[in-house]
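K.L.:
Supplied in structure tokens, the structure appears directly below.
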Amino acid sequence: MNRVEARDKVTGRARYAYEYPAHGVAYAYPVQAPVASGVVRSVDASAALAMPGVLAVLSCTDPPEIGSGDDPELAILQTTQVVYRGQLVAAVVASTLENARAAGRAVRVDCVARQHDVRLRADHPGLYTPEKVNPNFPAVTEYGDIAAGLAAAAARVDTTYTTPVEHNNPIEPHAALAVWDPGGGLTVFDSTQGPSADRDTIAKVLGLAPDRVRVVSPHVGGGFGSKGTTRPHAILAAIAARAAGRPVKVALTRQQMFELTGYRTPTIQRLQLGADARGRLTAVVHDVVEQTAIRTEFAEQAAVCTRAMYASPAMRTTHRLARLNVPPPSWMRAPGECPGMYALESAMDELAEAAGIDPVEFRIMNEPRTEPDSGLPFSSRNLVGCLREGARRFGWADRDPRPGIRREGRWLAGTGVAASTYPARRRPSRATAEASGDGFIVRIAAADIGTGARTALTRIAAETLGAPAARVRVEMGDSALPQASLAGGSMGTASWGSAVVKACEALLKNGSSGSADTAEDVRADAAFARHAFGAQFAEVLVDSATGEVRVPRLLGVFAAGRIVDETLARSQFIGGMTMGLGMALMERTGVDEWEGAFTGKDLAQYHVATCADIQDVDAVWIEEDDPHLNPVGAKGIGEIGITGTAAAIGNAVYHATGRRVRDLPITPARLLR
Ligand code: MOS
């Protein structure tokens, strides 16, 4: 289907959070800590308050009243202790955005700086093992005899991969408009991946009952996880509006987003793998080191994917964190699987070569019967099918495995492969369906962050109702609608689709309306290992003089349950793969250790892959009929496309050049070194 909101978007009728009109609106501009660790001694707002249009200055030296909450980042302006550079320490409210920004720069923040530490390293003295990694997995798992497995191996690798700080960079910067009504109720037009959860969080942080808060968010210009939880800008808008007695808008600048909206933790990942003479894994060890923040623990589950991938008689996975003077890391597309599969699938390529086995065949030889770590049966698993279909389409059979021997002029050519995976989960949601005129209205507080969720749900509802899609209207993106789970974790279609199907079925039974709540269904889901799988194939050309890498061909083959809509699905898959290409070759946020600061905080310096970087990228899928998922039969497709891509490209670069760059991104400088 074409997107149902396509016309609204191209004509500018679709409104994003910052674009809503409000009578007498004012603007708040954040003031950020100029040190990475220390104490704010004073905030001098006298110059700012004398500037044109300034209505109020909020400061951590005079904390505004708030309620409680679980996220220390949302307790804004409540402490003078600074634990990272860029922490919110004050804000100016003024009649225009320009006045607010000018006055914000005139606020004098006097800090006593302390020694800071922003450098992640494998021997950091503060490394500790968290109780859990996200969302709720043990940090450490181990079974079998690792030492014996490694000792018995005919081929072995012990290799360490690193990934840098990466930022989500959705094209719509985070923004909110907060409007208090005379009765003390609050409406927040927010750019969020989940209106229901956003409403609950905002209410709690402000000490309001949830039914006093409404979050409106019909259109969102990307999130990739950075809008998956409430961010400080939304709380700031509400508090500033209360202080100014007017509606207030907050729009973060691109630079401010780097400190206030999360990012992917850097990782240091050591892989120890062994294989016997027949190519069977004898041991798998995946040890991960990551960073987290002083007040907030975020434990990225980078080694959890390894627990589901390959059969091995012995396996250990561990995660350790260092608390640094950094903004809290957070969700970024395929948190866990994305860096984890990069390291695992790169190491698998190294081991395949050490064992003298084709990397496609090597993965197939190590296909497990049940999920290795849990022993659970897979609801369905078609990694082998994806590898075989990809190999056939890509022309893998003709590949000469020797690295660094194919030249096309000054370009070295190579190909690489890697597996993809992402969990298939669903969460409780509610929906209603109603006959209206000659059509139907479906209501659910789901979010469309650019994925096409509104269109997919329209199609799902139409198919269930036996009506043409043009006669179905889906209302979403508003917390006043039936409560729904996040647009996150690739769970949207599975979670919301379950509720929509159920509500539409209830309508068909009752005549004119139906409602559904899937909480019981989700609780009753049988124990299966549910994952989508895929295979990524990459062809690269490396300039032998400059080290520049080009990717003339990327092919992803996925097995992700039922594909609801081909156009939308292809867009999600190739979008994920494109982001994976960016991860492989470009994306990196600099860390200035002296200043304790992120550097290169804009799209001129933080490079994301764009059209000119992409040549032939294609995604296909194989039919998968999995009865153990949900009424839609879908596994979710938002994140699997990014997993494995960077490894496939890195493996292709090795094949082209004979150089294994183990630190992302694979820049010309690193290749030439
Ligand atoms: Mo995504 S990082 O699960 O919003």
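K.L.:
Restricting to the range 67-86, give me the number of residues that are open to solvent by 10 Å² or more (accessible area, probe 1.4 Å) and in a loop (DSSP other than H, G, I, E, B). Full working, then the answer.
P.N.:
Of the residues in the range 67-86, the ones open to solvent by 10 Å² or more (accessible area, probe 1.4 Å) are 67-73, 75, 78-81, 83, 85.
Among the residues that remain, those that are also in a loop (DSSP other than H, G, I, E, B) are: 67-71, 75, 78-80, 83, 85.
Adding up the residues that qualify gives 11.
K.L.:
Within the range 286-299, track down each residue that is buried (at least 23 other Cβ atoms within 10 Å of the Cβ) and either within 16 Å of the ligand (Cβ to nearest atom) or closer than 16 Å to TYR143 by Cα (or both).
P.N.:
HIS286, GLU290, ALA299
K.L.:
Something else: Is there a residue in the range 252-269 that is open to solvent by 10 Å² or more (accessible area, probe 1.4 Å), touching a Gly at 6+ places or on another chain (Cβ under 7 Å), on the phi > 0 side of the Ramachandran plot and away from the ligand (no atom under 16 Å from the Cβ)?
P.N.:
no
K.L.:
Output the residue which, of all residues in the range 481-535 that are surrounded by fewer than 19 Cβ atoms within 10 Å (Cβ to Cβ) and assigned to a strand (DSSP E or B), is farthest from the ligand (Cβ to nearest atom).
P.N.:
The residue in question is SER513.
K.L.:
Restricting to the range 211-247, name every residue that is more than 16 Å from the ligand (Cβ to nearest atom) and in contact with a Phe, Trp or Tyr (Cβ under 7 Å, 6 or more places away or on another chain).
P.N.:
Step one: list which residues in the range 211-247 are more than 16 Å from the ligand (Cβ to nearest atom), which gives 211-216, 218-219, 232-247.
Hits for the range 211-247 are VAL216, HIS219, ALA241, ARG242.
K.L.:
Hand me the list of strands (runs of 3 or more DSSP E) wholly inside the range 364-462 holding 1 or more residues that are open to solvent by less than 10 Å² (accessible area, probe 1.4 Å) and within 16 Å of the ligand (Cβ to nearest atom).
P.N.:
On the way: elements: 411-423, 430-436, 439-443.
Here the list reads 411-423.
K.L.:
Taking only the range 156-202 into account, find how many residues are part of a helix (DSSP H, G or I), without any contact (Cβ under 8 Å) to a residue 40 or more places away in the chain and not charged (D, E, K, R).
P.N.:
If we filter the range 156-202 for residues that are part of a helix (DSSP H, G or I), which is where we start, we get 195-202.
Retained after the next criterion (residues that are without any contact (Cβ under 8 Å) to a residue 40 or more places away in the chain): 200, 202.
Those left that are additionally not charged (D, E, K, R): 202.
So the answer is 1.
K.L.:
Would you be able to say whether some residue in the range 182-203 is away from the ligand (no atom under 14 Å from the Cβ), under 20 Å from ARG254 (Cβ atoms) and open to solvent by less than 20 Å² (accessible area, probe 1.4 Å)?
P.N.:
Yes, the range 182-203 contains at least one residue that is away from the ligand (no atom under 14 Å from the Cβ), under 20 Å from ARG254 (Cβ atoms) and open to solvent by less than 20 Å² (accessible area, probe 1.4 Å).
K.L.:
With respect to THR518, is the statement that it is of a type in the set (Ser, Thr, Tyr) and more than 30 Å from PRO668 (Cα to Cα) true?
P.N.:
Numbers: of a type in the set (Ser, Thr, Tyr): yes; more than 30 Å from PRO668 (Cα to Cα): yes.
For THR518, the condition - of a type in the set (Ser, Thr, Tyr) and more than 30 Å from PRO668 (Cα to Cα) - is met.
K.L.:
What residue, among those in the range 300-351 that are out of contact with any helix residue (DSSP H, G or I) (no Cβ under 8 Å at 6 or more places or on another chain) and part of a loop (DSSP other than H, G, I, E, B), is surrounded by the fewest Cβ atoms within 10 Å (Cβ to Cβ)?
P.N.:
Checked the range 300-351; the qualifying residue surrounded by the fewest Cβ atoms within 10 Å (Cβ to Cβ) is ALA311.
K.L.:
Restricting to the range 123-160, count the residues that are open to solvent by 60 Å² or more (accessible area, probe 1.4 Å) and either among the aliphatic types (A, V, I, L, M) or farther than 15 Å from ALA303 by Cα (or both).
P.N.:
Counting residues in the range 123-160 that are open to solvent by 60 Å² or more (accessible area, probe 1.4 Å) and either among the aliphatic types (A, V, I, L, M) or farther than 15 Å from ALA303 by Cα (or both) gives 10.
K.L.:
Which residues, counting only those in the range 203-227, are part of a loop (DSSP other than H, G, I, E, B) and over 22 Å from ARG264 (Cβ atoms)? Please lay out each step first, then the result.
P.N.:
Taking the range 203-227 and keeping what is part of a loop (DSSP other than H, G, I, E, B), we get 207-209, 217-227.
Hits for the range 203-227 are GLY207, LEU208, ALA209, SER217, PRO218, HIS219.
K.L.:
Another question, then. What number of residues within the range 463-475 are of a type in the set (Gly, Ala, Ser) and part of a helix (DSSP H, G or I)? Step through it out loud before you land on a result.
P.N.:
As a first pass, look at the range 463-475 and keep what is of a type in the set (Gly, Ala, Ser): 466-467, 469-470.
Going one step further and asking which of them are part of a helix (DSSP H, G or I), we end up with 469-470.
Within the range 463-475, residues that are of a type in the set (Gly, Ala, Ser) and part of a helix (DSSP H, G or I) number 2.
K.L.:
Residues of the range 614-652 being among the aliphatic types (A, V, I, L, M) and assigned to a strand (DSSP E or B), which ones? Let's see the steps before the verdict.
P.N.:
Kept after step one, since they are among the aliphatic types (A, V, I, L, M), are these residues of the range 614-652: 614, 617, 619-620, 622, 629, 632, 634, 637, 640, 642, 646-649, 652.
Passing the criteria: VAL617, ALA619, VAL620, ALA634.
K.L.:
Just to check your reading of the model, which residue among GLU539, GLU587 is acidic (Asp, Glu), surrounded by 16 or more Cβ atoms within 10 Å (Cβ to Cβ), touching a strand residue (DSSP E or B) at 6+ places or on another chain (Cβ under 9 Å) and in a loop (DSSP other than H, G, I, E, B)? Step through it out loud before you land on a result.
P.N.:
Working: GLU539 fails: in a loop (DSSP other than H, G, I, E, B).
Going through GLU539, GLU587 in turn, the sole match is GLU587.
K.L.:
If you check PRO403 against the conditions, is it more than 27 Å from the chain's Cα centre (by Cα) and over 30 Å from ILE449 (Cβ atoms)? Walk me through it before giving the result.
P.N.:
Details: more than 27 Å from the chain's Cα centre (by Cα): yes; over 30 Å from ILE449 (Cβ atoms): yes.
Against the criterion (more than 27 Å from the chain's Cα centre (by Cα) and over 30 Å from ILE449 (Cβ atoms)), PRO403 qualifies.
The values are calculated or read from the model by the stated rules, or taken from the named source; none is laboratory data. Being a predicted model, the structure only gives us computed values, none of them experimental. Cβ sites come from the backbone with ideal geometry, for glycine too, and all protein chains shown count toward neighbours. We work out accessible area using only protein heavy atoms, side chains counted, and drop any ligands, DNA or RNA first. Shrake-Rupley method; radii C 1.70, N 1.55, O 1.52, S 1.80 Å.
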